[in-house]
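The values are calculated or read from the model by the stated rules, or taken from the named source; none is laboratory data. Since this is a predicted model, take the numbers as computed values, not measurements. For neighbour counting, all protein chains shown are included, and Cβ atoms are generated from backbone atoms with ideal geometry for every residue, glycine included.
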Amino acid sequence: MFGSLTEKLHSLFSSLSGKKALSEENVSDAVRDIRLALLDADVNFAVVSGFLKKVKEKALGEIVLKSVSPGQQFTKIVHDELIALMGTDEVPLDLNAKLSVLMLCGLQGSGKTTTCAKLASYIQANVKNKKILLAACDLQRPAAVEQLKTLGLSIGVSVFSIEGEKRAVVVAKKAFQKATDEGFDVLIVDTAGRLHIDEELMKELEEIRSVVNPREVLFVANASTGQDAPRIAAEFDKRICITGTILTMLDGNARAGSAISIREITQKPLKFEGIGEKITDLQLFNPRSMADRILGMGDVINLVKKAELHFDKEESLKMEKKLRTATFTYNDYLSQMGMVKKMGSMKSLLKMIPGLGSMGDLDLSDSQFKQMEAMILSMTPREREERDELTHLRRKRVSKGSGVSLEEVNRMVKGFQRVKQLFKSMPDMKSKMKGFSGMPDLNMLKNQLKGNQWR
Ligand SMILES: Nc1nc2c(ncn2[C@@H]2O[C@H](COP(=O)(O)OP(=O)(O)O)[C@@H](O)[C@H]2O)c(=O)[nH]1
Ligand SMILES: [Mg+2]
């Protein structure tokens, strides 16, 4: 995700590994290189300076541990400080009022409308029994109301709007009235943005704020905005007092700068991150996971969360056993791929596992999954358990039976072998990664989360 920053830090840390110990000189060199890398990733200048001061103090004050290399030791210091800079802990939404109002604000195109619906869907999935209303208060862009209505419809959440009304504050007020009268628990207010901050926009937001009495005023920031994002956040905060930030477009080529600086500049927590266009592509901002990703250590934290939300626990334990005892069959492959598909694309999953980013070409589309299903169902039970070898003749029969080309059949067989191989080599990889386990091993992953990844 943060390609160039991650690469630079990585090569810097490995250049330290050859050294015997952290010294004044190699720490100064490393700090200089990190400064350049962070500035290049659009991290705010003042934030970089404060950050490096702490890193340097810690690195020089650190007792040299015999068992770890200076590279590892220095990486840990940078990792810890990055986590601290981004807020240490997750800060969940405040949904504690009888009617909790969430008001979203930000520049045009930052992702406000989409994020309103994503938040509603997040609340539906993670907090039980909340009656949610969306309010369409962006009356600037002609299609904004329709956009929110369509999104609301797709997740079964009502959208309040007033046809022909020109004043956003009137819509906000009536939406608030309706939510109160009809016993809604959460009201999510979408607002208009502009290309730049202007007086008109701020006045409108102040008015809306005063009539909906929000628990949360969330600034929505496009993470690829770069250097400007923290400054803009600070201006919104000054005028309408935000309670937190939601970073969007982190799936694109964001340079990590805003993720690192916005919290420090506004002193308000980063609450969520948008990681794609789909309605489910929103997750709580976790400083540790973000630091892991910036330093190229995968994203074990979000992997476990996704897995817990979608995996059937018993099923996955059964699968794990099969994988370990190498009785993994084509039938298992099919159901494993089905589960993985539910969790999101293989590509995004594999990217989350440290060291497996390069396996991203195992990605599977809907139609590919259907093809795979057709092929496996065209195999005999003995073939599916690999008790009969899939000879050329047999593959031809499978191709005919499933209506899929012979090349595709060959490719599927290869894919199966690769996955089988991948899981077989897990124990080996595990020792390499000091305790990290493979995808289906949830307990191991959970321990990993609780413990320190560095031990
Ligand atoms: N890739 C990606 N696209 C996003 C994300 N959030 C929003 N978008 C897209 O960005 C565009 C602008 O979003 P919109 O919600 O209309 O922005 P608004 O003007 O602030 O309301 C839309 O095409 C969204 O689908 C995200 O996290 N990742
Ligand atoms: Mg909008």
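Restricting attention to segment 61-91 and to residues that are surrounded by 17 or more Cβ atoms within 10 Å (Cβ to Cβ) and more than 24 Å from the chain's Cα centre (by Cα), the residue that is modelled with the highest pLDDT turns out to be 74.
Return a yes/no flag: does segment 126-135 have any residue that is more than 15 Å from ligand 1 (Cβ to nearest atom), more than 23 Å from residue 273 (Cα to Cα) and crowded, with 17+ Cβ neighbours inside 10 Å. Checked segment 126-135: no residue is more than 15 Å from ligand 1 (Cβ to nearest atom), more than 23 Å from residue 273 (Cα to Cα) and crowded, with 17+ Cβ neighbours inside 10 Å.
Output the residues belonging to segment 195-230 that are of a type in the set (D, E, K, R) and surrounded by 15 or more Cβ atoms within 10 Å (Cβ to Cβ).
Going through segment 195-230, the residues of a type in the set (D, E, K, R) turn out to be 198-200, 203-204, 206-207, 209, 215-216, 228.
Across segment 195-230, the qualifying residues are 204, 207, 209, 215, 216, 228.
Kindly provide the set of residues from segment 1-60 that are loosely packed, with under 13 Cβ neighbours inside 10 Å and basic (Lys, Arg), ordered by number. Once the filter is applied, which keeps residues that are loosely packed, with under 13 Cβ neighbours inside 10 Å and basic (Lys, Arg), segment 1-60 yields 20, 32, 53.
Does residue 257 fit the bill of being more than 16 Å from ligand 1 (Cβ to nearest atom) and under 17 Å from the mean Cα position of the chain (by Cα)?
Details: more than 16 Å from ligand 1 (Cβ to nearest atom): yes; under 17 Å from the mean Cα position of the chain (by Cα): yes.
So residue 257 fits the description; yes.
Scanning segment 232-265 for residues that are within 16 Å of ligand 2 (Cβ to nearest atom) and not β-branched (Val, Ile, Thr) yields 236, 249.
Each residue in segment 237-254 was checked for being out of contact with any strand residue (DSSP E or B) (no Cβ under 9 Å at 6 or more places or on another chain) and away from ligand 1 (no atom under 16 Å from the Cβ), and 2 pass. Go through the residues of segment 223-231 one by one and say whether even a single one is among the aliphatic types (A, V, I, L, M), more than 16 Å from ligand 2 (Cβ to nearest atom), in contact with a strand residue (DSSP E or B) (Cβ under 6 Å, 6 or more places away or on another chain) and outside the structural domain of residue 39 (by TED's automatic domain parsing). Checking segment 223-231: at least one residue is among the aliphatic types (A, V, I, L, M), more than 16 Å from ligand 2 (Cβ to nearest atom), in contact with a strand residue (DSSP E or B) (Cβ under 6 Å, 6 or more places away or on another chain) and outside the structural domain of residue 39 (by TED's automatic domain parsing). Which of the numbered conditions does residue 129 fail, given that it passes all the others? Conditions: (1) at positive phi; (2) touching a strand residue (DSSP E or B) at 6+ places or on another chain (Cβ under 9 Å). For residue 129, the exception is condition (2). Pairs linking a residue in segment 242-260 that is charged (D, E, K, R) to a residue that is modelled with pLDDT of 85 or more and away from ligand 2 (no atom under 16 Å from the Cβ), with Cβ atoms under 6 Å and 6 or more positions apart or on different chains, are 251/275; 251/276; 255/41; 255/42.
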